[in-house]
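The values are calculated or read from the model by the stated rules, or taken from the named source; none is laboratory data. Just so it is clear, the model here is predicted, and its values are computed rather than measured. Here Cβ is always computed from backbone atoms with ideal geometry, including for glycine, and neighbour counts include all displayed protein chains. The area values use the complete protein model at the heavy-atom level, side chains included, leaving out ligands, DNA and RNA. Shrake-Rupley method; radii C 1.70, N 1.55, O 1.52, S 1.80 Å.
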Amino acid sequence: MAGTFFKRAKGDSSFKRLLINLILIVACAAALYPVLRVITVSLRPSGSVFSMDLSLIPPDATLASYQSILFDPKVGFWTWIGNSLMVSVITAMVALILAAPAAYAFSRFKFAGKQPGLIFLLVTQFFPATMLLLPLYMMLIQLSLINNFWGLILCYMSIALPFSIWILKGYFDTIPNDLEEAAYIDGTTPLGAFFRVILPLSTPALSITALFSFMTAWSEFIIARVVLQKQALFTWPLGTVTLQGAYYTNWGPFSAAAVLISIPVVILFLLTSKYLVSGLTLGAVKG
Amino acid sequence: MAEVRLVNLAKAFGPVQILKGIDLTIPDGEFVVLLGPSGCGKTTTLRLIAGLEEATSGEIFIGERKVNDLPPKERDIAMVFQSYALYPHMTVFDNMAFGLRLHGVRREEVDRRVMEAAEMLELTPLLARKPRALSGGQRQRVAVGRAIVRNPKVFLMDEPLSNLDAKLRVQTRVELSKLHMKLGVTTIYVTHDQMEAMTLGNLVVIMNQGIIQQMGTPSDVYDRPANKFVAGFVGSPPMNFFPALVDGEEELFFQMASFRLPVLPERCAALAPYRGKDVVFGIRPEDINMGGGDGAVHIPVTAKVDVLELLGAEIFLYLSSPEGIFVASSASQKLLSQKFLKLKATAVSFIARVDPSTPAKEGDSVQVVFNLGRSHAFDADSERAIY
Ligand SMILES: Nc1ncnc2c1ncn2[C@@H]1O[C@H](COP(=O)(O)OP(=O)(O)OP(=O)(O)O)[C@@H](O)[C@H]1O
Ligand SMILES: [Mg+2]
């Protein structure tokens with residue numbers, strides 16, 4: 001996508017290109033500025049977090065905040081990260097395992113309620129999680145899944161699944177039916193064709209859906225706040241909030257935690273970025 | 001290897017009847033070409049035999065076995081798709097080995113068979129490549145290779161050459177022909193390209209609108225078309241058709257809008273029941289020659305050259321015959337007059353395929369002679385061949 005964008009831009013007038021680049025620069029700055037500020041604050045010594053100095057790396061830069069986050073046993077940073085990782089990875093895996101066959105069925109088979117089903121899945125995406133909070137909470141109480149990772153995963157699944165099914169269905173639609181038919185003739189069952197031909201061909205779409213599901217769970221706060229009440233079960237969004245005291249917030253370690261937490265996500269994005277571009281466009285173009 | 005037999009096979013998609021009762025027996029080891037215009041149901045027939053589509057009614061036999069209810073994998077067939085349908089994520093080798101592995105063939109045997117097929121199709125240097133790194137012709141050969149390694153009872157090929165350029169198409173056609181001679185597997189080959197059909201098939205099956213029109217050797221369908229559709233579909237440029245009235249007493253004539261031709265004595269018996277009725281007279285472009293004729297049977301027809309197409313070894317003349325050189329026989333004149341008025345309304349234009357040495361130019365008036373021994377006549381209503 002980026003490739004074609006710039007190729008097309010080449011044909012444009014230099015004024016248009018200048019304008020496009022200006023807009024992009026402004027957009028980047030707007031997106032990056034808060035992040036850079038957080039990094040700056042995380043590097044300040046505890047005495048000067050509210051300093052008005054605007055330099056990116058403060059003159060008295062120190063890693064003390066990082067040290068206290070990473071190594072202070074009272075903070076529990078590693079527990080939060082471990083909990084978050086577990087919840088997010090399981091959410092991503094289970095969403096993938098359930099979404100792939102569902103999407104395949106939506107893409108290939110005719111059945112009663114197919115179209116309404118798809119629309120229904122889409123409609124669920126219109127409700128913000130906050131709106132679902134109360135019903136989710138009541139259901140989880142009935143299921144005795146409060147203060148339980150599975151309860152949280154179940155909630156995240158209800159957000160991640162519809163989206164994953166839509167993305168994967170869009171991608172499967174682009175894979176010609178001939179391939180499965182060739183596989184049937186070569187000797188697979190329909191299920192065999194799905195596993196041996198369709199799934200291996202869909203790695204881009206599968207990685208993207210996994211990434212989105214992971215992200216859904218990784219940075220979610222409100223549902224986690226309601227479902228998890230024991231400190232030991234806190235995911236990092238809940239954990240970092242404990243750094244905010246009632247009267248005084250330790251902004252240094254807080255920022256350091258924010259920076260550290262974004263590292264796994266950045267790595268994941270880098271790993272899947274080549275699919276992110278090709279896969280999403282492939283999934284979008286039907287044919 | 002096996003015989004393939006279709007018995008009153010029908011297929012409908014919803015309310016639309018696509019195949020309307022196909023009866024076809026393909027002898028063991030034969031190379032049969034299914035030829036017909038786009039949308040006539042060729043692919044559908046093939047998919048029914050392959051088991052990718054379920055028959056609405058009728059029976060399919062492969063060898064002695066009725067296969068209607070068997071899934072594709074149990075029918076022991078291989079198919080070359082029009083789109084090739086190579087697995088994009090597998091190498092050429094894996095594409096060809098996939099079916100063998102699924103059938104639990106031993107490793108060494110898989111290697112041996114794939115190498116052998118690759119050798120035959122000159123794919124050996126490409127075995128490690130993915131399909132996307134192949135040219136169209138190479139992909140086509142991989143698709144064929146994937147079919148032959150399996151050593152199936154029947155090959156099904158759906159327009160496998162349609163994506164190739166003209167030269168490669170001819171070349172691959174010859175290769176497929178050789179391959180069939182070598183392997184001797186019953187092959188059903190679908191195409192809408194009649195050149196392909198005439199050169200490849202031992203037997204040609206002509207289909208139209210879900211019905212088999214004729215089955216025969218290439219020369220059968222060319223020289224003795226069973227009906228007007230086959231006559232017009234096979235051959236390029238197509239056969240010329242003239243609406244005609246059968247006229248005369250003892251001697252019969254074809255009365256066209258602007259000229260008349262005698263019916264050869266040996267054809268009179270067949271045409272006698274049509275005396276005074278509409279028929280369609282047909283003659284191929286190559287059976288129309290320049291010249292004055294002999295005056296008796298081969299009467300010259302005067303025509304104007306509208307367009308002249310020079311194609312190297314031959315010339316196509318697009319001719320039209322002027323009106324009003326017509327004398328009806330007195331006896332049937334009354335009977336004919338009305339129908340004849342209708343005939344007159346249809347323009348008479350036709351194509352002749354002549355020697356490039358002809359001096360004719362566009363706009364010229366020329367004399368042509370119809371080789372009546374090679375003409376055809378069709379019933380105007382049923383369109384069946386009278387002879
Ligand atoms: N799944 C389907 N649903 C409805 N109609 C179909 C379906 N498959 C094919 N048809 C119709 O059946 C008819 C025959 O199709 P088929 O593909 O057999 O034609 P064909 O002879 O192979 O033509 P071509 O030479 O263009 O490939 C067409 O009119 C097509 O529209
Ligand atoms: Mg077809």
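Observations on the structure shown:
- Every pair of residues 6+ apart whose Cβ atoms lie under 8 Å, when the first sits in the stretch A:208-231 and is among the acidic types (D, E) while the second is assigned to a helix (DSSP H, G or I) and open to solvent by less than 30 Å² (accessible area, probe 1.4 Å): A:E220/A:Y156; A:E220/A:P237
- Of the residues in the stretch A:20-30, not one is part of a loop (DSSP other than H, G, I, E, B) and not acidic (D, E).
- All positions within the stretch A:179-198 that are out of contact with any Pro (no Cβ under 8 Å at 6 or more places or on another chain) and open to solvent by 40 Å² or more (accessible area, probe 1.4 Å): A:P190, A:L191, A:F195, A:R196
- Residue in the stretch B:161-170 that is more than 16 Å from ligand 1 (Cβ to nearest atom), basic (K, R), in contact (Cβ under 8 Å) with a residue 40 or more places away in the chain and over 21 Å from B:I26 (Cα atoms) present: no
- Selection within the stretch A:168-201 - hydroxyl-bearing (S, T, Y), at the interface with chain B (Cβ under 7 Å from one of its Cβ atoms) and part of a helix (DSSP H, G or I): A:Y184
- Taking the criterion of being hydroxyl-bearing (S, T, Y) and either within 14 Å of ligand 2 (Cβ to nearest atom) or within 30 Å of B:P125 (Cβ to Cβ) (or both), the residues of the stretch B:42-99 that qualify are B:T43, B:T44, B:T45, B:S83, B:Y84, B:Y87, B:T91.
- Residue in the stretch B:41-52 that is under 30 Å from B:R129 (Cα atoms), under 25 Å from the mean Cα position of the chain (by Cα) and part of a loop (DSSP other than H, G, I, E, B) present: yes
- Single unsatisfied condition, A:L211 versus (1) open to solvent by 10 Å² or more (accessible area, probe 1.4 Å); (2) in a helix (DSSP H, G or I): (1)
- Just so you know, in the stretch B:52-97 the residues that are basic (K, R) and over 25 Å from A:T174 (Cα atoms) include one that is nearest to the other protein chains (Cβ to nearest Cβ), and it is B:R75.
- Within the stretch B:102-112, considering residues that are more than 9 Å from chain A (Cβ to nearest Cβ) and over 19 Å from B:R129 (Cβ atoms), the one surrounded by the most Cβ atoms within 10 Å (Cβ to Cβ): B:V105
- Scanning the stretch B:165-193 for residues that are more than 16 Å from ligand 2 (Cβ to nearest atom), outside any strand (DSSP E or B) and open to solvent by less than 50 Å² (accessible area, probe 1.4 Å) gives B:T172, B:R173, B:L176, B:S177, B:L179, B:H180, B:G184, B:V185.
- For the stretch A:109-130, the criterion of being surrounded by 15 or more Cβ atoms within 10 Å (Cβ to Cβ) and more than 30 Å from B:E53 (Cα to Cα) is met by at least one residue.
- Among the residues making up the stretch B:25-51, a single one is within 14 Å of chain A (Cβ to nearest Cβ) and more than 28 Å from B:M181 (Cβ to Cβ): B:T44.
- Selection from the stretch B:73-87 of residues that are away from ligand 1 (no atom under 16 Å from the Cβ) and surrounded by 15 or more Cβ atoms within 10 Å (Cβ to Cβ): B:K73, B:R75, B:D76, B:I77, B:A78, B:L86, B:Y87
- Checked against the criterion of being buried (at least 21 other Cβ atoms within 10 Å of the Cβ) and assigned by TED's automatic domain parsing to the domain that holds B:L102, the candidates B:P152, B:P131 yield just one match: B:P152.
- Here B:R139 fulfils each of the conditions (1) touching a residue at least 24 places away in the same chain (Cβ under 8 Å); (2) farther than 23 Å from B:K42 by Cβ; (3) open to solvent by 10 Å² or more (accessible area, probe 1.4 Å) apart from (2).
- Residue check for A:L154: open to solvent by 10 Å² or more (accessible area, probe 1.4 Å), under 30 Å from A:W78 (Cβ atoms) and free of Cβ contacts under 8 Å to residues at least 60 places away in the same chain: yes
- Test for B:G21: is it more than 16 Å from ligand 2 (Cβ to nearest atom), surrounded by 15 or more Cβ atoms within 10 Å (Cβ to Cβ) and away from chain A (no Cβ under 14 Å): yes
- Which numbered condition A:D53 fails, given (1) at pLDDT 90 or above; (2) in a loop (DSSP other than H, G, I, E, B): (1)
Let's see how each residue does on (1) within 15 Å of ligand 1 (Cβ to nearest atom); (2) at positive phi; (3) in the same structural domain as B:G184 (by TED's automatic domain parsing):
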residue	(1), (2), (3)
B:A10	yes, no, yes
B:D28	no, no, yes
B:G39	yes, yes, yes
B:I62	no, no, yes
B:V92	no, no, yes
B:F98	no, no, yes
